[in-house]
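Before any comments, here is the structure.
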Amino acid sequence: MSALGHYLEVEGIPTVAISLVRPQTERTRPPRALWVPFELGRPFGAPSDAAFQRRVVLAALRLLEAPNGPVLLEDFPDDDPRARPDPAWRAPLARFDPAATAHDALPSALEIEAPQLAPLYAAARAQRGGRTTVGLSGMTIDAAVRYVADFLRGKPMTSPSAEVSPVLALRFAADDLKAFYTEAASAGSAKPSSRQIGDWFWNDSAAGAALQALRRTHLDSPDDRLKLIAGLFLVPGARVPNSC
Amino acid sequence: MVRLTDLPPAQAKRYGELDCPNLGFTPFASGPPLAQRRVAIVASAGLVVRGEKPFRGGDADYRVIPSSTPPDQLLFSHISINLDRTGFQEDWNTVFPLDRLNALAEERVIGSVAATHYSFMGATDPVLMAPHARAVAGLLKQDRVDAVLLSPV
């Protein structure tokens, strides 16, 4: 991000960057940056909190009026209030116990579990005016679920798109699967933190168990692309068992 | 979450020690008061308008996001899965604060909002992004943009 700012400033366009990782910003020294103590992935802080976001945006834009520079690095003082767990939130489904499920049974468990979330997904979508972030794969959610399940079954896979390899299609299908689940988990009036939703998805759902199994299965694949996707693009580092 | 001390140790170490490009010097462009600026967003979240090609590993190019893009048409295709997506799922302004900029323009805190915004995908060699960033700079100038809010993830 700092490099992009550099290139634009060289062309005469003033920039101000949000900084999420302060040590990186200290090293790259962009002309202006506002460090924010927010989770990676949400540079403007709390969702559905226009007042909070406005303060972040304005604090950043005000740096454009500072007469002296370059290298202005200020700190935003407040944490994201939505980083706190909401005790009112409840997991959307009964707990799935991966330890009690054989590897071979995981694909079917996923195919049984996912449709149960459809009403909640629809409700969450309605809450957001019809918006969803499912769609990277170009598959319907049913097709994405089936694609992930069949990959885990070890079936020979054909990509649904001529422009996308079967392995890349797996990455996009997995992204859509996660989006479908996590959007469904946010239906209702509770305001769960990302960690609450992540804990449920990775610890207590068949989908999380299926992605963990896919990762384990293909970590030693002779197909380098599959090995790469399995190792880095299915399960977040913080959710890999014994990774930290 | 959020400070490096809040991340899992392995991830914190990786982010804290990530190689950063040495760009040699820090340029510093200036402009008029904020109330006269035309502001664009340049994100590195791999944002794509639905139907466009999602970003892939190593992609150094950019995607165009018109200001008229409805929220349900914007997808997050950054290749890293170590980033929260639930914030963006609930409210695109957590990554792409277009509604906040529009409100600030209505209040005349900023001059106006650009007609077009841009997204790159951050997990790419910055050197490879340079020609594409220069192309974006040309497009921003055509749109009379004189302030860019850089949104990383």
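With respect to the conditions (1) part of a helix (DSSP H, G or I); (2) under 20 Å from A:L20 (Cα atoms), B:L83 lacks only one, and its number is (1). Test A:L106 against the stated conditions and say whether it is crowded, with 19+ Cβ neighbours inside 10 Å, within 22 Å of A:H218 (Cα to Cα) and touching a residue at least 12 places away in the same chain (Cβ under 8 Å). Spelling it out, A:L106 is indeed crowded, with 19+ Cβ neighbours inside 10 Å, within 22 Å of A:H218 (Cα to Cα) and touching a residue at least 12 places away in the same chain (Cβ under 8 Å).
Considering every residue within region A:25-41, establish whether at least one is hydrophobic (A, V, I, L, M, F, W, C), touching a Lys or Arg at 6+ places or on another chain (Cβ under 8 Å), part of a strand (DSSP E or B) and buried (at least 17 other Cβ atoms within 10 Å of the Cβ). Yes, some residue in region A:25-41 is hydrophobic (A, V, I, L, M, F, W, C), touching a Lys or Arg at 6+ places or on another chain (Cβ under 8 Å), part of a strand (DSSP E or B) and buried (at least 17 other Cβ atoms within 10 Å of the Cβ). Residues in region A:207-244 that are crowded, with 20+ Cβ neighbours inside 10 Å, under 15 Å from the mean Cα position of the chain (by Cα) and of a type in the set (A, V, I, L, M, F, W, C): A:A207, A:L211, A:F233, A:L234, A:V235.
If we keep just the residues of region B:134-153 that are without any contact (Cβ under 8 Å) to a residue 60 or more places away in the chain and of a type in the set (G, A, S), which is farthest from the other protein chains (Cβ to nearest Cβ)? Per the stated criteria, the residue is B:G138.
Take B:R100 and decide whether it is out of contact with any Gly (no Cβ under 9 Å at 6 or more places or on another chain), more than 9 Å from chain A (Cβ to nearest Cβ) and either at pLDDT 95 or above or surrounded by 18 or more Cβ atoms within 10 Å (Cβ to Cβ) (or both). So B:R100 fails the test.
For region A:171-195, the candidate set comprises residues that are of a type in the set (D, E, K, R) and not in a loop (DSSP other than H, G, I, E, B); within that set, the residue that is nearest to A:A143 (Cα to Cα) is A:D176. Only a single item in (1) touching a Gly at 6+ places or on another chain (Cβ under 8 Å); (2) crowded, with 22+ Cβ neighbours inside 10 Å; (3) assigned by TED's automatic domain parsing to the domain that holds A:K191 is not met by A:A123, and it is number (2). Residue count for region A:42-75 satisfying the condition of being assigned to a helix (DSSP H, G or I) and of a type in the set (F, W, Y): 1.
The values are calculated or read from the model by the stated rules, or taken from the named source; none is laboratory data. What you see is a predicted model, and the numbers here were worked out from it, not measured in a lab. Cβ coordinates were reconstructed from backbone atoms using ideal geometry, including for glycine residues, and neighbour counts include every protein chain displayed.
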